[in-house]
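> Pasting in a structure now, in structure tokens, and then I'll have a few things to ask.
Where a number appears in this text, it was derived from the coordinates with a stated rule and is not lab data. This is a predicted model, so every value here is computed, not measured. Virtual Cβ from ideal backbone geometry, glycine too; neighbours counted across all protein chains shown.
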């Protein structure tokens with residue numbers, strides 16, 4: 001068995017309660033921007049774990065998904081994908 005190299009980074013923000021979801025969404029945007037534009041990172045396999053639902057909500061709002069029912073559907077899809085054995089199961093079921 002080969003050793004696994006792992007680097008972990010956790011971030012918190014300080015700001016008003018009204019803007020905390022957008023702070024989290026901005027961090028997500030910065031991480032994805034860096035991953036796409038830094039040659040050193042482009043060859044690495046990485047996993048981004050979203051640890052709270054407010055970040056997903058802020059991302060939905062940033063994408064223009066303001067309807068609560070549609071956001072619930074996004075959460076349902078993400079939950080199903082995270083708990084299923086195969087993403088193809090979801091695609092077949094969703095049709």
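> Place a label point 7 angstrom from the Cα of residue 66 along the Cα-to-Cβ direction, then list the residues of the stretch 18-34 whose backbone nitrogen is under 18 Å away.
Residues passing the 18 Å test: 19, 21-22.
> If you don't mind, another one. Place the peptides 3-10, 14-21, 53-60 in order of packing, highest mean first, counting for every residue the other Cβ atoms within 10 Å and averaging per peptide.
Values: 3-10: 5.1, 14-21: 10.5, 53-60: 17.2.
Output ranking for 3-10, 14-21, 53-60: 53-60, 14-21, 3-10.
> Divide, for the stretch 1-48, the radius of gyration over alpha carbons by 2.2 N^0.38 Å, where N is the residue count.
Taking the Cα Rg and dividing by 2.2 N^0.38 Å, one obtains 1.49.
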